[in-house]
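A short write-up of the structure that comes next.
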Amino acid sequence: MVQDAVIRNIEIIGEASHNIEERFPEFSEQHPELPLAFAYQMRNAVAHGYLKWIWKLSGRLFSTTYQV
């Protein structure tokens, strides 16, 4: 269940990031510190079935903050 929630949130964030880049390019240019393109790439990876890779990556990203 946790895995599904993480995947769904990655999809939502990635899609929103893509929409921001497409609809508000000036915002993207003004905020290069936001990883909008990376978030969309992560969304694509999840949507196209790279589940094991994403799950391992999320564990590595959050293992320093939370005990996974």
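Scan ILE10, ILE54, ILE20 and give me the residue that is at pLDDT 95 or above and either assigned to a helix (DSSP H, G or I) or loosely packed, with under 11 Cβ neighbours inside 10 Å (or both).
ILE20
Which members of the range 8-18 meet the condition of being over 9 Å from the mean Cα position of the chain (by Cα) and over 11 Å from LEU36 (Cβ atoms)?
Matches in the range 8-18: ARG8 only.
Using the structure shown, decide if GLU33 is under 16 Å from the mean Cα position of the chain (by Cα), part of a loop (DSSP other than H, G, I, E, B) and modelled with pLDDT of 90 or more.
Spelling it out, GLU33 is indeed under 16 Å from the mean Cα position of the chain (by Cα), part of a loop (DSSP other than H, G, I, E, B) and modelled with pLDDT of 90 or more.
Scan the range 1-30 and report the pairs whose first residue is free of Cβ contacts under 8 Å to residues at least 24 places away in the same chain and whose second residue is among the β-branched types (Val, Ile, Thr) and part of a helix (DSSP H, G or I), with Cβ atoms within less than 7 Å and a gap of 6+ or a chain change.
Going by the 7 Å Cβ cut-off, the qualifying pairs are PHE27/ILE20; SER28/ILE20.
The values are calculated or read from the model by the stated rules, or taken from the named source; none is laboratory data. In this text, all values refer to a predicted model and were calculated from it rather than measured experimentally. Because the Cβ atoms are built from the backbone with ideal geometry, glycine has one as well, and the counts that use them run over all protein chains shown.
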